[in-house]
Amino acid sequence: MTTSPPVRSVARAIQLLQALNRQPVSTVDVLHAHTRFPKSTIVRMLRTFESLGIVRHAPQHGAYFLTSGVRTLSSGYHSEPMVVEAAAPLMDALTVRVGWPTALAVLEGSVMVVRYSTIPLSPLALRHSTINMKLSLASRAMGRAFLAFCAPEQQDALLEMLAASAEPEDQPARAAASLRALLSEVRQAGYATRDPQAGPASNTLAVPVFDRHGVAASLGLTFFASTMKPEQAVEKFLPDLQEVAQQVSARLQDLQAQA
């Protein structure tokens, strides 16, 4: 059998899908940096993928992300982009309505990692971006929201890892009884806030997001500490944040059922 050269268009399509899979949300510039394909070619391919239901365009971010439609390829799709797919439009709508930025974080090892943020839509954001930012489970609101609602055996394992951590923001885990008491309060209240010592310029109100197996992520809304006390943020924004989290959980579980 003679060896035929690869079909260039097919090879490029696969390379672009691989590049899309490297991060939850990708701009054309990022994809160009990964593939070195001409940007015009990337845009045409992305529009083709979009027409096939494999990617979705987020115009307000100038970015693209994989959808659950890519499961038809039997690879390149996992829980994180599914969470982003379920959450992104709901988070965007919340930020447009209230002004403050929201973020979605998932567990990686013993930290939470931000996988989606509405900072580009917010006039009140302190940072340019928080995508891929690592957050302590012990000190950060989104970490506490996850840790408080995860299964007891997972919580025990994570607390043990945090207690051995040298990271300054993980130090509360060394006082195990105090942290467990705080987590119990978070679970009872249904939300978490940030340790004031961890980024005192702002604070975050965070709630859990659930999939079919348990807590899958946490959703947080960040506000200026100088303009609002935590209890004021709870009164003003907690109902909306919890409603969005419930909707994200329902959408996520629907996507998992379809997969």
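The values are calculated or read from the model by the stated rules, or taken from the named source; none is laboratory data. All values derive from a computational prediction rather than experimental measurement. Heads up, the Cβs are rebuilt from the backbone with ideal geometry, glycines too, and the neighbour counts pull from every protein chain shown. Remember, those area values only see protein heavy atoms, side chains included, never the ligands or the DNA or RNA. Shrake-Rupley method; radii C 1.70, N 1.55, O 1.52, S 1.80 Å.
Going by the conditions given, is LEU179 touching a Pro at 6+ places or on another chain (Cβ under 9 Å) and not polar (S, T, N, Q)? Yes, satisfied.
Would you check if there is a residue in segment 205-213 being open to solvent by less than 20 Å² (accessible area, probe 1.4 Å) and in a loop (DSSP other than H, G, I, E, B)? Give the steps one after another, and end with the answer.
Taking segment 205-213 first, the residues open to solvent by less than 20 Å² (accessible area, probe 1.4 Å) are 205-209.
Filter once more, keeping what is in a loop (DSSP other than H, G, I, E, B): none.
Looking through segment 205-213, none of the residues is open to solvent by less than 20 Å² (accessible area, probe 1.4 Å) and in a loop (DSSP other than H, G, I, E, B).
For segment 153-178, the set of residues classified as acidic (Asp, Glu) and surrounded by 16 or more Cβ atoms within 10 Å (Cβ to Cβ) consists of GLU169, ASP170, listed by residue number. I'm trying to understand the selection: among the residues of segment 245-258, which are open to solvent by less than 80 Å² (accessible area, probe 1.4 Å) and within 26 Å of ILE54 (Cβ to Cβ)? Hits for segment 245-258 are GLN247, VAL248, SER249, ALA250, LEU252, GLN253, LEU255, GLN256, ALA257.
With more than 15 Å from the chain's Cα centre (by Cα), assigned by the TED database to the domain that holds ALA141 and either without any contact (Cβ under 8 Å) to a residue 60 or more places away in the chain or crowded, with 16+ Cβ neighbours inside 10 Å (or both) as the only criterion, which of ALA201, ALA225, ALA217 stands out? Going through ALA201, ALA225, ALA217 in turn, the sole match is ALA225. Among the residues of segment 18-64, those identified as of a type in the set (Ser, Thr, Tyr) and either open to solvent by less than 40 Å² (accessible area, probe 1.4 Å) or modelled with pLDDT of 90 or more (or both) are SER26, THR35, SER40, THR41, THR48, SER51, TYR64.
Being at pLDDT 95 or above, open to solvent by less than 30 Å² (accessible area, probe 1.4 Å), over 19 Å from the mean Cα position of the chain (by Cα) and of a type in the set (A, V, I, L, M) narrows it down to one residue among ALA189, ALA181, ALA233; which is it?
Numbers: ALA189 fails: open to solvent by less than 30 Å² (accessible area, probe 1.4 Å); ALA181 fails: open to solvent by less than 30 Å² (accessible area, probe 1.4 Å).
Going through ALA189, ALA181, ALA233 in turn, just one is at pLDDT 95 or above, open to solvent by less than 30 Å² (accessible area, probe 1.4 Å), over 19 Å from the mean Cα position of the chain (by Cα) and of a type in the set (A, V, I, L, M): ALA233.
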